[in-house]
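Here's a structure for you.
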Amino acid sequence: MKRTTRDITKICVRPDDELLAAFSAIGRDVLGMALVLADDGTLIGVVTDGDIRRKVIERKTLDLKVRDVMNASPTTMKATSKDDELIRKRSHKIKHIPLLDEAGKPVDIFTERFIPVAEPSLGDEEMMNVFECVASGWISSGGQFVRDFEELFAKYCGSKFAISTSNGTTALHLALAALGLTSGDEAIVPALTFIATANAVTYTGARAVLADVSRETWNIDPAEIERKITRRTKAIIPVHLYGLPADMDRVMEIARRNSLFVVEDAAEAHGASVSGRKVGSIGDAACFSFYGNKIITTGEGGMVTTDNEELARKMRILRDHGMNPERRYFHDVVGFNYRMTNIQAALGVAQLRKIDSLIAKKQRILKRYESNLSGVAGISFMPRGKSKESVCWLVTILVDAPYRLSRDQLAEKLREGEVDSRPVFLPVSEMPPYASDEKFPNADFVSARGLTLPTSPNLSDAEVERICAIIRTST
Ligand SMILES: *Cc1c(COP(=O)(O)O)cnc(C)c1O
């Protein structure tokens with residue numbers, strides 16, 4: 001029984017092979033180990049770099065065969081063993097356990113799992129809801145789950161209306177289009193964000209004007225917004241980066257004083273609040289994403305929330321090809337097809353029920369990282385806000401002197417240890433469509449040093465320890 005897609009044939013050697021053959025086999029997989037097979041294909045030993053090094057030094061010669069250097073009594077388990085038996089067997093010393101069939105031939109290797117930065121947390125309720133869509137035939141954008149998801153999501157955010165969309169980017173475009181942004185207009189977006197924030201402005205024909213972020217929040221700096229306002233400015237799009245709300249009190253005050261719309265990009269911050277108000281209920285509109293790595297997911301999916309009834313009505317029409325609600329197949333305006341399917345919403349309804357526990361898990365993971373890495377010089381955490389209001393979508397650290405490695409070197413060490421990580425977004429100004437000579441020193445600073453660590457709600461305490469051990473000990 002194979003558990004992984006690992007190809008073990010490429011790391012197999014024979015006892016009479018030369019050391020060079022063992023070295024090449026070891027180099028063909030990240031495990032750092034080769035399997036030694038007898039003529040009948042049964043496992044008679046394993047060999048690592050360390051085994052070879054020790055034997056060469058002991059015998060003072062390189063003229064050795066694999067049989068001379070191999071560990072002839074490695075820990076192995078039956079391929080039919082249960083997961084928890086394997087997990088118990090594994091330890092600091094025994095990282096990789098060859099799994100053998102009845103005849104003693106290796107079929108796979110049990111090892112530490114590759115830890116992703118993010119992964120969805122799906123269960124029976126998601127399965128049952130999707131099953132219901134398929135069984136009922138309601139798989140397109142009509143259907144009860146779509147209506148329920150919109151109603152429940154609006155309630156969750158404390159906003160009056162919620163309009164579901166096909167993804168977070170279409171949610172942003174829909175809101176900006178409904179607010180009337182068009183060519184000649186400008187919208188101010190942070191220089192440090194995912195590209196979709198700026199692209200949504202570009203789709204309307206308006207220009208995305210970049211404003212630097214603040215080092216204290218990594219979010220758009222209100223003073224920079226003020227500097228970027230012109231006669232053409234129509235909207236401000238603050239992004240709640242990695243789950244930390246932007247300074248909405250000041251953003252709203254600036255917008256009111258200058259008669260500008262505010263569209264929150266809340267794609268990374270479902271459930272976060274500022275001054276007692278949930279994101280999604282503060283700006284004229286707010287946009288969410290339900291991509292597979294976001295706080296809750298519908299696979300692909302998005303939502304716009306608003307308290308403005310007229311805006312909600314416009315968005316519903318534009319989402320549906322601009323079709324007149326009173327006259328089927330009559331189109332007053334050029335609209336889009338940005339509808340969410342009932343299958344997506346079926347996932348969303350189930351996910352929304354567990355959102356608070358998913359956020360609590362992420363915050364618990366952050367605490368474990370903080371306590372495990374406190375005192376590691378040069379490693380600091382993304383700010384969490386004055387009253388710790390971040391929902392901590394992704395735990396993100398700054399890697400800086402006097403830490404011994406650069407951010408990219410640390411990412412490489414993590415990868416060698418089967419741990420995924422992700423550099424912070426490049427500033428939008430680095431992308432050819434938005435390139436300019438203007439400098440965004442704070443966005444550059446954070447982007448060059450920021451590293452996102454695994455924050456999956458499925459992460460175990462032991463896995464967080466494993467990740468932190470790599471960060472603490474890498475040199
Ligand atoms: C994910 C994300 C989006 C886009 O959402 P999609 O559902 O992937 O289209 C927009 N803005 C930010 C800040 C995001 O993180």
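Farther than 30 Å from residue 48 by Cβ and either in contact with a Pro (Cβ under 7 Å, 6 or more places away or on another chain) or within 16 Å of the ligand (Cβ to nearest atom) (or both): does that describe residue 143? Please lay out each step first, then the result.
Details: farther than 30 Å from residue 48 by Cβ: yes; either in contact with a Pro (Cβ under 7 Å, 6 or more places away or on another chain) or within 16 Å of the ligand (Cβ to nearest atom) (or both): no.
It is false that residue 143 is farther than 30 Å from residue 48 by Cβ and either in contact with a Pro (Cβ under 7 Å, 6 or more places away or on another chain) or within 16 Å of the ligand (Cβ to nearest atom) (or both).
Another question, then. Give the residues of the range 273-298 that are in contact with a Ser or Thr (Cβ under 7 Å, 6 or more places away or on another chain) and surrounded by fewer than 24 Cβ atoms within 10 Å (Cβ to Cβ), sorted by residue number.
281, 284, 291
Applying the selection to the range 440-475, what residues are under 10 Å from residue 365 (Cα atoms), in contact (Cβ under 8 Å) with a residue 60 or more places away in the chain and small (Gly, Ala, Ser)?
If the condition is that a residue be under 10 Å from residue 365 (Cα atoms), in contact (Cβ under 8 Å) with a residue 60 or more places away in the chain and small (Gly, Ala, Ser), then 456 is the only one that fits.
Just to be sure before I move on: is residue 112 touching a residue at least 12 places away in the same chain (Cβ under 8 Å), within 30 Å of residue 300 (Cβ to Cβ) and either out of contact with any Lys or Arg (no Cβ under 6 Å at 6 or more places or on another chain) or in a helix (DSSP H, G or I) (or both) in the structure I sent? Reasoning before the result, please.
On the way: touching a residue at least 12 places away in the same chain (Cβ under 8 Å): yes; within 30 Å of residue 300 (Cβ to Cβ): no; either out of contact with any Lys or Arg (no Cβ under 6 Å at 6 or more places or on another chain) or in a helix (DSSP H, G or I) (or both): yes.
Taking the combined requirement at face value, the residue does not satisfy it.
Specify the residue that is farthest from residue 254 (Cα to Cα); the eligible residues are those in the range 201-231 that are away from the ligand (no atom under 16 Å from the Cβ) and among the small types (Gly, Ala, Ser).
205
Just give me the residues in the range 189-203 being in contact with a helix residue (DSSP H, G or I) (Cβ under 6 Å, 6 or more places away or on another chain) and over 18 Å from residue 170 (Cα atoms), in sequence order.
191, 192 - these are the residues of the range 189-203 that are in contact with a helix residue (DSSP H, G or I) (Cβ under 6 Å, 6 or more places away or on another chain) and over 18 Å from residue 170 (Cα atoms).
Identify all residues within the range 186-200 that are of a type in the set (Gly, Ala, Ser), more than 9 Å from the ligand (Cβ to nearest atom) and either more than 13 Å from residue 446 (Cα to Cα) or assigned to a strand (DSSP E or B) (or both); write none if there are none.
187, 198
Which pairs have Cβ atoms under 9 Å, sit 6 or more apart or on different chains, and link a residue in the range 284-295 that is over 17 Å from residue 189 (Cβ atoms) to one that is in a strand (DSSP E or B) and within 8 Å of the ligand (Cβ to nearest atom)?
290/302; 291/302
Here is a further query. Identify, by number, the condition in (1) hydroxyl-bearing (Ser, Thr, Tyr); (2) closer than 22 Å to residue 156 by Cβ; (3) modelled with pLDDT of 95 or more; (4) surrounded by fewer than 21 Cβ atoms within 10 Å (Cβ to Cβ) that residue 305 doesn't meet.
For residue 305, the exception is condition (4).
Could you give me the residue pairs with C-beta distances under 6 Å whose first residue belongs to the range 234-246 and is farther than 23 Å from residue 179 by Cα, whose second residue is within 10 Å of the ligand (Cβ to nearest atom) and aromatic (Phe, Trp, Tyr) wherever it lies, and which are 6+ apart or on separate chains?
Pairs that qualify, where the first residue is farther than 23 Å from residue 179 by Cα and the partner is within 10 Å of the ligand (Cβ to nearest atom) and aromatic (Phe, Trp, Tyr), are 242/393; 243/393.
Is it the case that some residue within the range 221-228 is within 25 Å of residue 397 (Cβ to Cβ), modelled with pLDDT of 95 or more and in a loop (DSSP other than H, G, I, E, B)?
Yes.
Scan the range 249-276 for residues that are outside any loop (DSSP other than H, G, I, E, B), farther than 26 Å from residue 422 by Cβ and aliphatic (A, V, I, L, M) and report the count.
5
Out of (1) under 18 Å from the mean Cα position of the chain (by Cα); (2) farther than 22 Å from residue 391 by Cβ, what's the single condition that is false for residue 340?
(1)
Looking at 235, 266, 255 in this structure, which one is within 16 Å of the ligand (Cβ to nearest atom) and out of contact with any Ser or Thr (no Cβ under 9 Å at 6 or more places or on another chain)?
Matching residue, one of 235, 266, 255: 235.
From the residues in the range 86-114 that are of a type in the set (A, V, I, L, M) and within 25 Å of residue 50 (Cα to Cα), which one is modelled with the lowest pLDDT?
So the first thing to find is which residues in the range 86-114 are of a type in the set (A, V, I, L, M), and the list is 86-87, 94, 97, 99-100, 103, 107, 109.
Narrowing further to those that are within 25 Å of residue 50 (Cα to Cα): 86-87, 94, 97, 99-100, 107, 109.
Details: 86: 80, 87: 73, 94: 81, 97: 92, 99: 94, 100: 96, 107: 93, 109: 90.
Residue satisfying both the conditions and the ranking: 87.
Could you list all residues from the range 285-333 that are in a loop (DSSP other than H, G, I, E, B), more than 16 Å from the ligand (Cβ to nearest atom) and closer than 24 Å to residue 355 by Cβ?
307
Another one. Can you tell me which residue in the range 204-234 is farthest from residue 260 (Cα to Cα), limited to those that are of a type in the set (Gly, Ala, Ser) and in contact with a helix residue (DSSP H, G or I) (Cβ under 7 Å, 6 or more places away or on another chain)?
Result: 214.
Based on this model, can you work out whether residue 216 counts as surrounded by fewer than 21 Cβ atoms within 10 Å (Cβ to Cβ), modelled with pLDDT under 95 and among the charged types (D, E, K, R)?
Numbers: surrounded by fewer than 21 Cβ atoms within 10 Å (Cβ to Cβ): yes; modelled with pLDDT under 95: yes; among the charged types (D, E, K, R): yes.
Considered against the rule, which asks whether it is surrounded by fewer than 21 Cβ atoms within 10 Å (Cβ to Cβ), modelled with pLDDT under 95 and among the charged types (D, E, K, R), residue 216 comes out as yes.
Checking the condition closer than 24 Å to residue 340 by Cβ, of a type outside the set (Phe, Trp, Tyr) and within 12 Å of the ligand (Cβ to nearest atom), which residue from 172, 181 passes?
Going through 172, 181 in turn, the sole match is 172.
For residue 210, are the conditions met, namely being part of a strand (DSSP E or B), touching a strand residue (DSSP E or B) at 6+ places or on another chain (Cβ under 8 Å) and surrounded by 21 or more Cβ atoms within 10 Å (Cβ to Cβ)?
Numbers: part of a strand (DSSP E or B): yes; touching a strand residue (DSSP E or B) at 6+ places or on another chain (Cβ under 8 Å): yes; surrounded by 21 or more Cβ atoms within 10 Å (Cβ to Cβ): yes.
Judged against the criteria, residue 210 is a match.
Which of (1) more than 16 Å from the ligand (Cβ to nearest atom); (2) in contact with a Cys (Cβ under 9 Å, 6 or more places away or on another chain); (3) more than 19 Å from residue 178 (Cβ to Cβ) does residue 276 not meet, given it meets every other one?
(2)
If you don't mind, another one. I'd like to verify a number: residues in the range 128-161 that are buried (at least 17 other Cβ atoms within 10 Å of the Cβ) and farther than 19 Å from residue 305 by Cβ, how many?
5
The values are calculated or read from the model by the stated rules, or taken from the named source; none is laboratory data. A quick note: this is a predicted structure, and the numbers were derived from the prediction, not measured. Here the Cβ is made from the backbone with ideal geometry for all residues, glycine too, and neighbour counts use every protein chain on show.
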